[in-house]
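Colleague: Provided herewith is a single structure, encoded as C-alpha cells, for subsequent inquiry.
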Amino acid sequence: MAEESKNKRQTPEKRPKMLLHTFYGMAFSSEFFKRYWRIVLCVVFVSILHITNRYLCITRIQIVNELESKSKAMSSRALAAKGEYLASTREKSMRQLVDSLNLNLEVSKSPNIVLKYDAKGQN
C-alpha cells in the first residue's frame, strides 16, 4: 500500500514539471539537439524544400495563366484580321466581276439606309 501511494504522488509531480519546462522554453534542451541533430537538420531541410517547391509552383501557375490570357487575346486578334481580309477579298472579287461584265456599277460612298414598313401608319 505504501508503494501505491508513492506512485500516485509521482504522477502529479511530473505533469507540472513538464508544463513548467514548456512554459519556460526548456522543452527542447541543448541535449535534445545534441542527440537528434541529424533528424532536426533533415526536418528543417525538408521544410525548406517544401516551401521552395510551393513557391515555384505558384509562380509557374501564374505564368501559365498569363500566357493563356495572352494566347486568347492573340487568337481573337487573328480572327478579326482574318475576317477583315476575307471581307476585302470578297469585295475585290465582286468589283472584278462587275468590271468584267461592264455593268457600270460603283460602290456607294454613303452608308446604307434602312427603311421600315409600318402597317398601322398606312391605314
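The values are calculated or read from the model by the stated rules, or taken from the named source; none is laboratory data. Given the structure is predicted, the values throughout are model-derived calculations rather than measurements. Counting neighbours? That spans all protein chains shown, and the Cβs are built from the backbone with ideal geometry, glycine included. For the accessible areas, the whole protein counts, side chains as well, though only heavy atoms, and no ligand, DNA or RNA atoms are used. Shrake-Rupley method; radii C 1.70, N 1.55, O 1.52, S 1.80 Å.
Colleague: Please give me, ordered by residue number, the trypsin sites (Lys or Arg not before Pro) of region 81-121 that lie in loop per DSSP and have at most 10 other Cβ atoms within 10 Å.
Modeller: Answer in residue order: LYS109, LYS116.
Colleague: Here's a follow-up. Sort HIS50, HIS21 by heavy-atom solvent-accessible area, probe 1.4 angstrom, most to least.
Modeller: If we order HIS50, HIS21 from most to least accessible, we get HIS50, HIS21.
Colleague: Once the whole set of protein chains is in place, how much accessible area is left on ILE39, using a 1.4 Å probe, in Å² to the nearest 10?
Modeller: 100 Å²
Colleague: Then there's this: Can you compute the modelled spin-label distance between GLU106 and LEU79, with each label point 7 Å from Cα toward Cβ, in nm?
Modeller: 3.8 nm
Colleague: Rounded, prolate or oblate: pick one for region 44-123, where a ≥ b ≥ c are the square roots of the eigenvalues of its C-alpha gyration tensor, a/c under 1.5 means rounded, and failing that, prolate if a/b is larger than b/c, else oblate.
Modeller: oblate
Colleague: For region 17-64, run through the chymotrypsin sites (Phe, Trp or Tyr not before Pro) and keep only the ones in DSSP coil with at most 14 other Cβ atoms within 10 Å of their Cβ.
Modeller: TYR24, PHE28, TYR36
Colleague: With all protein chains present and a 1.4 Å probe, how do VAL98, VAL46 order by accessible area, largest first?
Modeller: The residues order as VAL46, VAL98, largest area first.
Colleague: So, in region 12-123, how many Lys pairs have Cα atoms under 23 Å apart, if the pair is 8 or more places apart or on different chains?
Modeller: Step by step, the pairs that qualify in region 12-123 add up to 5.
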